[in-house]
Amino acid sequence: MNALRITGALILMVSGSATAWDYEGHRVVNQIALATLPANYPAFVFTPEARERIAFLAGEADRWRNTPDLSLKHCNGPDHYIDLEQLADHGVKPEALPVFRYDFVALLATNRAAQPDKFEPIDPEKNKDHTRELPGLLPWAIAENYAKLKSGFSYLKTFEQAGGTPEEIANAKANIIYIMGVMGHFAGDAAQPLHTTVHHAGWAGDNPKGYTTWKGFHQWIDGGYFNKVGIPDASELKPRLRSAQRLQVKGRPAQPEETFAAAVAFIESAGILVEPLYQLDKDQALFGKDENGMRGKEFLTKQLIAGGQFLGDLWFSAWQDAPPDDYLRKQLEKRSGVGEQ
């Protein structure tokens, strides 16, 4: 292993950096997404304060790892990944995954109970948070947070159109900023190939092509390599971006429950890059600043862009497709006396 890479990895471990893109990478993904939004997107999102808040919140879901509380680890940990190869063990293809999180969890439990010999035993000492049974829940995290953002835009529009107070409108906008920032983390995770595979920390199992089995490989991809060669600035990438557009499924705008299918498809697009990423490492294209060593930077930069584009599409679609909040409208009308005799 390259000595400089070892040094960089040691720095990462000492500093506590760990999962997904490091904070700087997630921050860039959120900033890329902001750059894709059209000029007529709600203006409050573009203020300097909102931009900074959204960028900062890109790291929030990783910050939740800083406590020992097992209840939080249980619900948050699996939301950052899905090991696509494990789906075959349960007889399900990615495109056939159930839309509902708990339906999937029930399927996993049923399969384990019916075919105990098919699955490796889980060491309780290594499963304090009860997540080892799960291949990961990333697409559900994306779809659920998207729906929360759509809800936020729904009640913001209603407050603005039907007599909400300045305080209610300000609070609705603050909620939207928070959800936009936090959900960006999971879109960023979905663009990182190592969040889609059992080979997330070095190649696991049969390894006929001799890919690295180094446990620190994930950390190196998350931030160690960018720390060495420099992470791209979102403003530098703007010429490479397209404008945000509605999420598409089978060539048409996604329906509400099809957001999940769009998330799965995006994750699969990153999943096919797992082996090419390991091959880059084998070719020493993820080591240094020479011409060959910089090939890895372009590969990973493309994934930052992909994550930002996908996130921008999620944000744009949630705004465009937010349904009327009829219940809130009626309550506001009652409050204002509209329709009273």
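When the test is whether a residue is of a type in the set (A, V, I, L, M), at pLDDT 95 or above and within 16 Å of the chain's Cα centre (by Cα), residue 322 does not pass it.
Of the residues making up the stretch 139-153, none is among the aromatic types (Phe, Trp, Tyr), closer than 28 Å to residue 195 by Cα and either touching a strand residue (DSSP E or B) at 6+ places or on another chain (Cβ under 8 Å) or not in a helix (DSSP H, G or I) (or both). Looking across the stretch 46-66 at every residue that is outside any helix (DSSP H, G or I) and touching a residue at least 40 places away in the same chain (Cβ under 8 Å), the one that is surrounded by the most Cβ atoms within 10 Å (Cβ to Cβ) is identified as 58. Taken over the stretch 217-245, the residue count meeting the criterion of being surrounded by 13 or more Cβ atoms within 10 Å (Cβ to Cβ) and either in contact with a strand residue (DSSP E or B) (Cβ under 8 Å, 6 or more places away or on another chain) or free of Cβ contacts under 8 Å to residues at least 24 places away in the same chain (or both) is 2.
Just one of the listed residues (125, 167) is of a type in the set (Asp, Glu), within 30 Å of residue 337 (Cβ to Cβ) and assigned to a helix (DSSP H, G or I), namely 167. Just name the residue that is farthest from residue 119 (Cα to Cα) out of those in the stretch 67-87 that are aliphatic (A, V, I, L, M) and surrounded by fewer than 20 Cβ atoms within 10 Å (Cβ to Cβ). Here the answer is 72.
Just checking, how many residues over the stretch 255-275 are modelled with pLDDT of 95 or more and over 12 Å from residue 139 (Cβ atoms)? Of the residues in the stretch 255-275, 5 are modelled with pLDDT of 95 or more and over 12 Å from residue 139 (Cβ atoms).
Of everything listed in (1) in a helix (DSSP H, G or I); (2) in contact (Cβ under 8 Å) with a residue 24 or more places away in the chain; (3) among the charged types (D, E, K, R); (4) closer than 29 Å to residue 55 by Cβ, the single unmet condition for residue 257 is (4). All conditions but one from (1) surrounded by 23 or more Cβ atoms within 10 Å (Cβ to Cβ); (2) touching a Phe, Trp or Tyr at 6+ places or on another chain (Cβ under 6 Å); (3) part of a helix (DSSP H, G or I) apply to residue 136; the one that does not is (3). Residues satisfying the criterion are absent from the stretch 104-111 (criterion: farther than 20 Å from residue 183 by Cα, hydrophobic (A, V, I, L, M, F, W, C) and part of a loop (DSSP other than H, G, I, E, B)). Across the stretch 253-291, the qualifying residues are those that are farther than 16 Å from residue 191 by Cα and touching a strand residue (DSSP E or B) at 6+ places or on another chain (Cβ under 8 Å), and the one among them that is surrounded by the most Cβ atoms within 10 Å (Cβ to Cβ) is 254.
Scan the stretch 303-341 for residues that are part of a helix (DSSP H, G or I), surrounded by fewer than 13 Cβ atoms within 10 Å (Cβ to Cβ) and either touching a helix residue (DSSP H, G or I) at 6+ places or on another chain (Cβ under 8 Å) or free of Cβ contacts under 8 Å to residues at least 12 places away in the same chain (or both) and the total you get is 3.
The values are calculated or read from the model by the stated rules, or taken from the named source; none is laboratory data. Values in this document were obtained by computation on a predicted structure and should not be read as measured data. For neighbour counting, all protein chains shown are included, and Cβ atoms are generated from backbone atoms with ideal geometry for every residue, glycine included.
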